[in-house]
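Reviewing the structure listed below.
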Amino acid sequence: MIARAEGKFLRITPTRVRQVMDLIRGQDVLAAQAALRLMNKRPKEFLVKILNSAVANAKVKGFEPKALYISKIVCDLGPAWKRYKAAAFGRAASIRKRTAHIKIELDLKNA
């Protein structure tokens with residue numbers, strides 16, 4: 001692991017994030033950034049920010065972005081916001097607004 005970044009308590013469901021994550025897992029950094037730039041899915045916004053943060057962390061350590069690839073990318077379930085809406089016969093139906101924790105780790109291509 002050369003560099004790592006994570007975003008926590010992101011207001012998006014982990015299942016939606018995992019669909020986009022599977023497309024960039026294992027790619028080199030420049031190819032992943034290009035793929036995310038052309039994508040039209042909401043998780044892209046979160047993934048671009050976290051990936052750019054990981055690249056910046058690697059630059060601080062003295063590594064070039066073109067020599068890095070995404071070695072590990074994980075999306076875990078965060079705490080859910082619990083809300084209620086009115087239902088028939090005076091009952092309440094629960095709504096769970098899910099959050100996600102995304103972690104990205106970068107490593108050298110030749111390692």
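Each reported figure results from applying straightforward, stated rules to the coordinates on display, with no laboratory input. Treat the numbers as computed from the prediction; the structure is a model and nothing was measured. Every residue, glycine among them, receives a Cβ derived from its backbone with ideal geometry; neighbour counts consider all protein chains shown.
Conditions: (1) in a helix (DSSP H, G or I); (2) polar (S, T, N, Q); (3) more than 23 Å from Ala67 (Cα to Cα). Asn40 meets all but one. Number of the miss?
The number of the failed condition is (1).
Quick one: what pairs do we get from the range 84-110, first residue under 26 Å from Gly26 (Cα atoms), second assigned to a strand (DSSP E or B) and among the basic types (Lys, Arg), C-beta under 6 Å, 6+ apart or different chains?
His101/Lys8; Glu105/Arg4; Glu105/Lys72
Scan the range 2-25 and tell me whether some residue there is more than 24 Å from Trp81 (Cα to Cα) and of a type in the set (S, T, N, Q).
Looking for residues that are more than 24 Å from Trp81 (Cα to Cα) and of a type in the set (S, T, N, Q), one finds none in the range 2-25, hence no.
Give the range 69-111 a look and list any residue that's buried (at least 17 other Cβ atoms within 10 Å of the Cβ) and of a type in the set (A, V, I, L, M, F, W, C), or say none.
Answer for the range 69-111, where residues must be buried (at least 17 other Cβ atoms within 10 Å of the Cβ) and of a type in the set (A, V, I, L, M, F, W, C): Ile70, Ile73, Cys75, Ala100, Ile102, Ile104, Leu106.
Can you tell which of Ile95, Ile102, Ile70, Ile50 is in contact with a Cys (Cβ under 7 Å, 6 or more places away or on another chain) and not in a loop (DSSP other than H, G, I, E, B)? If you could, list the steps in order and put the result at the bottom.
On the way: Ile95 fails: in contact with a Cys (Cβ under 7 Å, 6 or more places away or on another chain); Ile70 fails: in contact with a Cys (Cβ under 7 Å, 6 or more places away or on another chain); Ile50 fails: in contact with a Cys (Cβ under 7 Å, 6 or more places away or on another chain).
Going through Ile95, Ile102, Ile70, Ile50 in turn, just one is in contact with a Cys (Cβ under 7 Å, 6 or more places away or on another chain) and not in a loop (DSSP other than H, G, I, E, B): Ile102.
Within the range 53-68, is even one residue surrounded by fewer than 18 Cβ atoms within 10 Å (Cβ to Cβ), under 16 Å from the mean Cα position of the chain (by Cα) and closer than 11 Å to Leu10 by Cβ?
No, the range 53-68 contains no residue that is surrounded by fewer than 18 Cβ atoms within 10 Å (Cβ to Cβ), under 16 Å from the mean Cα position of the chain (by Cα) and closer than 11 Å to Leu10 by Cβ.
Taking interchain pairs and intrachain pairs at least six residues apart, which have beta carbon atoms under 6 angstrom, with the first residue in the range 26-40 and small (Gly, Ala, Ser) and the second surrounded by 13 or more Cβ atoms within 10 Å (Cβ to Cβ) and assigned to a helix (DSSP H, G or I)?
Partner pairs satisfying both residue conditions: Ala32/Ile24; Ala35/Ile24.
Only one of these conditions is not met by Ala34: (1) assigned to a helix (DSSP H, G or I); (2) closer than 10 Å to Leu106 by Cβ. Which number is it?
So Ala34 meets the others, but not (2).
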